[in-house]
1. Return the only residue of Pro96, Pro107 being closer than 21 Å to Val299 by Cα, at pLDDT 85 or above and out of contact with any Pro (no Cβ under 9 Å at 6 or more places or on another chain).
2. Within the range 136-150, how many residues turn out to be surrounded by 16 or more Cβ atoms within 10 Å (Cβ to Cβ) and either in a loop (DSSP other than H, G, I, E, B) or out of contact with any helix residue (DSSP H, G or I) (no Cβ under 7 Å at 6 or more places or on another chain) (or both)?
3. Of the residues Leu228, Leu340, Leu310, Leu281, only one is hydrophobic (A, V, I, L, M, F, W, C), touching a Gly at 6+ places or on another chain (Cβ under 7 Å) and under 22 Å from His32 (Cβ atoms); which?
4. Residues in the range 46-66 that are in a helix (DSSP H, G or I), charged (D, E, K, R) and modelled with pLDDT under 95: how many?
5. Inspect all residues belonging to the range 111-120 and state whether any of them is closer than 18 Å to Gln287 by Cα and modelled with pLDDT under 95.
6. So which pairs qualify, if the first residue must be in the range 123-139 and in the same structural domain as Val264 (by TED's automatic domain parsing) and on the phi > 0 side of the Ramachandran plot, the second must be assigned to a strand (DSSP E or B) and not aliphatic (A, V, I, L, M), the Cβ gap must be under 8 Å, and the two must be at least 6 apart or on different chains?
Amino acid sequence: MHRKALLAALLSGLAASGALAEQHINLYSARHYATDEALYSDFTKATGIKINRVDADDAGIIARLKAEGEASPADVILLVDAARLWRGEQQGLFRPVQSKVLEEAIPASLRATPVNGGSPWFGLSTRARVIVYDKAKVKAEDVDTYEELGDPKNKGKLCIRTGSHPYNLSLFGAVMEHLGPEKTEAWLKGMVANMARAPKGGDTDQIRAVAAGECQIAVTNSYYLARLMRSSKPEDKAVADKVGVVFPNQGTWGTHVNVAGGAVAKHSKNVEGAIKFLEYLASPSAQNYFANANNEWPVAKGVNTENPALKAMTGGGQFKSETIPISAVGANQVKVQQMLDRVGFK
């Protein structure tokens, strides 16, 4: 009896320690948005699973996972660009997972191609790569396609951040998927010729430069413009009022959208908890939070947003977005970077 009691106590202790281990997940996140705090706390309230978070940029997270190897404590990875998600997948840093919840909620074009029955990563929100322009000097119809960014009619008008930034690499990779390598390189060369200044700064800086008259057209992710539109600062509102916005290529393949997405780390010690967290991020409540708090579009089917800035940008309707697989965009980035070097796109 003594042995049985001892064994029962030991098994009970192991079960208890296992249960405790399941009460937290380690999150490596490239999402630096204060508004996401509510997302994390709501998940903990709903599940009892605490989140230990490590913040870094996409490249830093990829480098850290590689350096840590099997010893990595990471359970969930959140990155904010398709090219980075693709790179993490290619380097074997993610664990393919199967989830009916995620597969039913997220369109196939916004998640990785299944590997051994599971997807290595899932898009969780989208942002459109739009063109803003000086309403006093430029007509919308002169900048309503990406191709026109490289058209000689826009010489000396363009502001854009560095070509090797992931947001631009993803856009350029998408254009290459549509136009092919030769036409894409010619287009990039045309953009270099059209620049009003050397690439510098972030997307918000490009919008401000248009409003200040440094240039007349610029490329930005949609949520940067939405932030200015929703800001309570008079100077931000003044910038937003001076610029117009177009969702390019509505008459052809549609506007490029990039994703913020998530994956389960290859060496996760709490795969079940990690999947629960990703499923939560695909839920209507979390998807609405992405939209209303951080000005991103939801990816889950059937989820609509009431975000006033996003509605104003699209005139209250829907815009046509491209439907090429996000993974194909990532796969083009090496060739695109070589093109940038050849045409002198810094």
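1. Pro107
2. The number of residues fulfilling the criteria is 5.
3. Among Leu228, Leu340, Leu310, Leu281, only Leu281 is hydrophobic (A, V, I, L, M, F, W, C), touching a Gly at 6+ places or on another chain (Cβ under 7 Å) and under 22 Å from His32 (Cβ atoms).
4. Residues that pass the stated criteria total 1.
5. Yes; the residues of the range 111-120 include at least one that is closer than 18 Å to Gln287 by Cα and modelled with pLDDT under 95.
6. Once the first residue is in the same structural domain as Val264 (by TED's automatic domain parsing) and on the phi > 0 side of the Ramachandran plot and sits in the range 123-139, no partner that is assigned to a strand (DSSP E or B) and not aliphatic (A, V, I, L, M) comes close enough.
Conditions (1) in the same structural domain as Met191 (by TED's automatic domain parsing); (2) touching a residue at least 60 places away in the same chain (Cβ under 8 Å), marked per residue:
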residue: Asn295; (1), (2): no, yes
residue: Val299; (1), (2): no, yes
residue: Ser327; (1), (2): yes, yes
residue: Lys335; (1), (2): yes, yes
residue: Gln338; (1), (2): yes, no
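Residue by residue, here is whether (1) out of contact with any Phe, Trp or Tyr (no Cβ under 6 Å at 6 or more places or on another chain); (2) in a helix (DSSP H, G or I); (3) modelled with pLDDT of 95 or more; (4) surrounded by fewer than 21 Cβ atoms within 10 Å (Cβ to Cβ) holds:
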position: Gly273; (1), (2), (3), (4): yes, yes, yes, no
position: Asn288; (1), (2), (3), (4): yes, yes, no, yes
position: Asn304; (1), (2), (3), (4): yes, no, no, yes
position: Phe319; (1), (2), (3), (4): no, no, no, yes
position: Ala328; (1), (2), (3), (4): yes, yes, no, yes
position: Val334; (1), (2), (3), (4): yes, yes, no, yes
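The values are calculated or read from the model by the stated rules, or taken from the named source; none is laboratory data. Quick caveat: nothing in here was measured; it's all calculated off a predicted structure. Heads up, the Cβs are rebuilt from the backbone with ideal geometry, glycines too, and the neighbour counts pull from every protein chain shown.
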